[in-house]
Each structure stands twice: as C-alpha cells, then as structure tokens.
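I have placed the structure first, in the form of structure tokens, so that the comments after it can refer back to it.
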Amino acid sequence: MAQPDFDLVVAGAGGGVVGALRAAELGARVLLIDADEHFHRGNNTSMCTAMIPAPGTRWQQAAGVEDSREQFVADIMDKTHQTADATLADALAAVGAPLVTWLADSQGLEPELVREFRYPGHSADRCHTFTGRHGSHLLRHLVESARRQPNIELITPMRLIDVTSDGAQVQAAQIANPDGVVEEVSTPAVLLATNGYGANRDLVRTWMPEIADAHYHGGQYSLGDALRIGEALGGKTAFLDAYQGHAALSSRTQTLVGWATVLHGGIIVNSQGHRFAPESIGYSEFAALLAQQPGSTGWIVIDEHIADLCSVFEDFRTVAENGGVVSADSIEELAAKTSLPVDTLTDQVQTASRAASGAAPDPQGRNDSRHPLAPPYRAIQVMPALFHTQGGLVVDGSARVLDADDEPLRGLYASGGAAMGISGHGAAGYLAGNGLIAALGLAFLAAEDVASTLPT
Ligand SMILES: Cc1cc2nc3c(=O)[nH]c(=O)nc-3n(C[C@H](O)[C@H](O)[C@H](O)COP(=O)(O)OP(=O)(O)OC[C@H]3O[C@@H](n4cnc5c(N)ncnc54)[C@H](O)[C@@H]3O)c2cc1C
C-alpha cells in the first residue's frame, strides 16, 4: 500500500485532542478535525469541571492517599450494580495514572488532587483537576499544544461523514466542509471522538425518555455520527440508555452550580419548599427526580460558609457574578426572596441541619457526612439537565471498536461519548469522572495502539 495521507484521523477535538497529541508524540502523522468551528468553547470537554479520576498517581502518594486500580474498578462496578463492562472499567482504571502523569510531564498541566470533598461512589480521593477547575482551560491548553505539534494538522470546521474499509482494515475517511464539499483522505486508522447523541432529540427520546424534556447542556454536534458510522462498518453498540444527568444547573444563568454545594451540606427543595430525595445519591440520578417535581425546578439551599468553599470553582463564581445566588440573613428572608413557603422551608432547613449534626435521622435517608446549615443563607434555583449520553460503540481495552463477534474492526477506534462507557444503564451508574476518563483515557489508549502499528 502506498503511504497513506495520515497515520491517524481523529474526528472530534474534545477528548480526541489527547489522542492526536499522544499519537503525534509517538511518531504518527495525524489529521485532527472538528465539525464545530467553535469547538473549544462549545463541546463537552470545554464545558466540564475537569475532574479526572486516577488511582495510584504520584499526587495521591504525596498526599498519603491509599488507592488502587482494583479499588477504583470496585467503585465503578458498585455504582453500576455490577453491570458495567469489567474489562473496560479495568482498562480505564489502569490508564488514569499514566494519563494524568502525561498531562503533567508532557503537556505541562500540573494537576491538583481534590481533597476537600468526595463525589458519591468514590472510596478514595482520586479526582485530579487543574487551575480554575474548568474544562475550557484544559482544552485550550491542549489545543495550543496540538497547534504547535508538527505531526498534527488541525482543520475546522470539517466533519467526518464516513469511514471506508476493505473489510479487513480501515482505508479512508470521508470528510466534508460546511459547504458540503467532500474530500477523501487515506488512512489506516480513524478515532471516532465525536461524543454521543445528546443533541439528537429523537435518539434521546427513544433511549432515555425520563430526561428527554430536560435542558440539554452539551455540544450541539453530539448528533450520534459515531454510532451511524461505526454501525455501518459492523460495530456493535451497548448501554445506549446510559447518560449523565445533572441536578445542579442554574435556572437563571444556565451554567453549572456544581454538586460541591450539596456535598458540603446543601439541600435541595422543590418549588413548594419540600426536600424529595436523599441528596447523597449523586447528581446524575438526581436530575430525573428533579424533572418530576412541580415545574421541573427546585432550589439548592446552602449557607455562606459553603458558598465560600465553592468559590474555588469558576462555574460557581459565574453563577454568583450573574445574579444566580440569592443571599439572606434568615430563613424568613430567604423564603421571601425565593417565594418558597416560609413554614415549609423553615421546617426543612431545621430538620436537615439537625440530621447533618447527627442529632436526628435524616427523613430522606441522606447518609453522607456534611456541614449543618447555619445563617446567613444562600439559595440557587436549579433545573435538571442532560449533559451527555454514555452508551455507544463497544470497544476493548485499547479503544478498538468490536464487531458482533467481539473481533476488532481493524483501524476503527472510539473514545468518550462515542464509545460505550462504564456507567451501566440509565443515570444512576454515572460515577463522577466517568466522562473524562473515557474521553481522554480511551483517546490515549487508541493513540498508543495506533503508534504500535506504525512501520518502523
Ligand atoms: C458542565 C459539565 C461538567 C462536566 N464535568 C465533568 C468532570 O468534571 N469530569 C468528567 O469526567 N466528566 C465531566 N463531564 C462530562 C465530560 O465533559 C464528557 O464526558 C467528555 O468531555 C466527553 O468528551 P468527548 O471527547 O466524548 O466529547 P466532546 O468534548 O463533546 O468532543 C466531541 C467533539 O466532536 C465534534 N464532532 C461531532 N461530530 C463530529 C463529526 N462527525 N466530525 C468531526 N467532529 C465532530 C464536536 O463538535 C465536539 O467538538 C462534564 C460535562 C458537562 C456538560
């Protein structure tokens, strides 16, 4: 075969950028494309909180945190009631430390280990994040690195519309510009890093009707292209009903309030002032419960102390700076400012505070350790949201797409929302960090597999 135009085509410049950078660093000639000209502020990676779970890192060791690949896999399997693919869970648990180390040592992104709270389902402090705790900084840094990397050609807007194979090996990628002009580039490998199908309302209604009417808070090009392209080549799919929901999106600013508000001790009441579920279950599954409440809305009630703790998050600061946080010295003032019934709100806050201090059981069965609320108070009106879908093409531990016989389709890879995740079914299996570890981790693994096949 004549030398192909590229050793690897990466479609999708979210988590896919990691795949492009790693492959290029290992000597591959890479074409990186994105359908969205404004991908760096419109895709999921740019919108995220930049929390990457990784066991066994040097940052954990320095902090004296005990953790292991096996412990992380056990947490993933517990959160999904043993339904996640154990092979993939193990591969992603294993790649966490090399990935975070590579981000630091190769890309100059110094991680910070999050110690002050722990997302539900994680048995150790293993979420690593970066300055600002926002994906836009992470992605911008990686994209700038990709632009400097001589082995990478980055073209946007350019959409992957098809991949051709001779039945044994990927041969080419069909890419189209916004005018519909189609170009074929020869390549033995394509990484589908195009995210899931959260922006495809028909597919969302088919697979996850409970969240179909909620606000979609993700990339507009998450239309399910990887599913269409991968299935046409014989790729198998799984967990298509899995998704990450979120119950803490500000109704006023439509930006993330952040679940740290709740983890520190905040409670969520509906528009009639009642709590309706234990907040300790997790933000993803809480979204559908919030969607069922009157008006599909509610309020996170916190206090000044928690608001101060959360100001380390850029997203929380954005909500506050745009008027999304109501301040009050007393519950009566808070009720007046939020139009919540004062008697109900008083009862709910006082009961929750007694439970948080251990003086009485929590009526909702909440079981996490938390700070009891005390004046002055803050409240943020929230609405449920769909962040991204978690099911997709079945992949092995090297991100290779598998066919119905579990054989790899040679040269076809999937990562992030394009691949089946490790979140089981529905919303409840989503463990915080499952999004990025699948997006960055699978892209990293795909790159290493592609590099291992390069002619020497
Ligand atoms: C507010 C928010 C906070 C989050 N916080 C976290 C967190 O802290 N930790 C965590 O693990 N996860 C988090 N997530 C989830 C995480 O952001 C996603 O799981 C992850 O970023 C998905 O990466 P991706 O590469 O699959 O998709 P994206 O980052 O969305 O990238 C896909 C790209 O593909 C492009 N594209 C689509 N179709 C085509 C095509 N046919 N051809 C070319 N390009 C195409 C799109 O334009 C897009 O740029 C969060 C999500 C949100 C919304």
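The table below lists the values:
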quantity	calculated
Prolate/oblate/rounded call for the range 94-232, Cα gyration tensor, a/c under 1.5 rounded	oblate
Relative contact order (%) - criterion: Cα under 8 Å, at least six apart; region: the chain	24 percent
About the Cα centre, charge dipole magnitude for the chain (Lys/Arg +1, Asp/Glu -1 at Cβ), debye	580 debye
Per-peptide average of other Cβ atoms within 10 Å, ordering 383-393, 445-455 highest first	383-393, 445-455
Sorted largest first, extent of the chain alpha carbons per principal axis (Å)	76, 47, 40
Euclidean distance of C-alpha centroids, the range 278-336 and the range 251-265, integer Å	5 Å
Virtual spin-label span in nm between residue 81 and residue 155, 7 Å along Cα→Cβ	4.7 nm
Average Cα contact separation per residue, the range 44-188, under 8 Å, 6 or more apart, as relative contact order %	23 percent
Helix-derived mean residue ellipticity, 222 nm - over the chain, DSSP H n ≥ 4, -39500 (n - 2.57), to 500	-9000 deg cm²/dmol
Whole-Hz ³J(HN,Hα) from phi, Karplus 6.51 cos²θ - 1.76 cosθ + 1.60, for the range 282-292, glycine and proline x	x, 5, 5, 6, 5, 4, 5, 5, 5, 4, 7
Relative contact order of the range 244-386, pairs being alpha-carbon contacts under 8 Å that are 6 or more residues apart, as %	39 percent
Loop GluC sites (Glu not before Pro), the range 1-75, which have at most 13 other Cβ atoms in a 10 Å radius of their Cβ (DSSP)	37, 66
Cut-off 20 Å (backbone N to label point 7 Å along Cα→Cβ of residue 410), residues of the range 153-177	163-174
C-alpha center-to-center spacing [the range 341-385, the range 1-75] in angstrom	38 Å
Alpha-carbon spread of the range 244-386, three principal axes, descending order, Å	35, 30, 28
Distance between modelled label sites at residue 347 and residue 74, nm, 7 Å Cα→Cβ extension	4.2 nm
Dipole moment magnitude, nearest 20 debye, the range 5-142 about Cα centre, only Lys, Arg, Asp, Glu C-beta charged	260 debye
Top positive-direction residue, dipole computed over the chain with Cβ charges, set 61, 4, 328	328
Chain lengthening between residue 123 and residue 329 when straightened (0.36 nm per residue, less Cα-Cα)	70.6 nm
Label-to-label distance, nm, for residues given as residue 164 and residue 367 (7 Å Cα→Cβ offset)	5.7 nm
Those GluC sites (Glu not before Pro) in the range 90-168 that DSSP places in a loop and that have at most 16 other beta carbons within 10 Å	116
Gain upon complete extension [residue 252, residue 38; 0.36 nm per residue less C-alpha separation]	74.7 nm
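Just so you know, all these numbers are worked out from the coordinates, no wet-lab data involved. Values in this document were obtained by computation on a predicted structure and should not be read as measured data. No Cβ is skipped: glycine too gets one built from the backbone with ideal geometry, and neighbour counts run over all protein chains shown.
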